[in-house]
Amino acid sequence: MKEQQIIDGLKTVCQCKGIKKSVFLKHIKAGTKTVEALRKATGAGAGSCKGKQCTPRIIEMLKASDENR
């Protein structure tokens with residue numbers, strides 16, 4: 001794994017719940033392909049902002065995973 005990938009994985013996607021990017025990427029790699037499924041699998045979107053901050057980031061990760069296929 002490249003150093004930049006490790007650093008990116010440590011970035012927080014869901015501020016309310018403190019969920020790191022690596023957690024989302026693990027689920028995406030395992031086949032989770034929708035925002036709703038990622039929210040259910042990680043608990044994202046259940047914090048005080050109700051997903052207003054993390055949802056755009058989650059969508060961006062899903063788009064990037066589709067582009068990398």
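The values are calculated or read from the model by the stated rules, or taken from the named source; none is laboratory data. In this text the structure is predicted, and so the values were computed from the model without any measurement. Cβ placement follows ideal geometry from the backbone for every residue including glycine, while neighbour counts extend to all protein chains displayed. For accessibility, only protein heavy atoms count, side chains too; no ligands or nucleic acids. Shrake-Rupley method; radii C 1.70, N 1.55, O 1.52, S 1.80 Å.
Give me the residue from segment 14-33 that is part of a loop (DSSP other than H, G, I, E, B) and open to solvent by less than 80 Å² (accessible area, probe 1.4 Å) and, out of that set, nearest to Cys54 (Cα to Cα). Once the filter is applied, the top-ranked residue is Cys16. Within segment 34-47, residues that are buried (at least 18 other Cβ atoms within 10 Å of the Cβ) have Cβ atoms under 8 Å from residues that are among the aromatic types (Phe, Trp, Tyr) in these pairs: Leu38/Phe24; Thr42/Phe24; Ala44/Phe24, counting only partners at least 6 apart in sequence or on another chain.
Among the residues of segment 48-69 satisfying the criterion of being open to solvent by less than 80 Å² (accessible area, probe 1.4 Å) and among the hydroxyl-bearing types (Ser, Thr, Tyr), which is farthest from the chain's Cα centre (by Cα)? Steps first, answer last, please.
As a first pass, look at segment 48-69 and keep what is open to solvent by less than 80 Å² (accessible area, probe 1.4 Å): 49, 51, 54-56, 58-59, 61-62, 64-65.
Pick out the ones that are also among the hydroxyl-bearing types (Ser, Thr, Tyr) and you get 55, 65.
Values: Thr55: 8, Ser65: 11 Å.
Ranking the candidates gives Ser65 first.
Does Ile7 count as aliphatic (A, V, I, L, M) and loosely packed, with under 14 Cβ neighbours inside 10 Å? Considered against the rule, which asks whether it is aliphatic (A, V, I, L, M) and loosely packed, with under 14 Cβ neighbours inside 10 Å, Ile7 comes out as yes.
Report, by residue number, each residue of segment 35-66 that is part of a helix (DSSP H, G or I) and modelled with pLDDT under 95. Walk me through it before giving the result.
Here is the first cut: in segment 35-66, the residues part of a helix (DSSP H, G or I) are 35-42, 54-66.
Correct list: Ala64, Ser65, Asp66.
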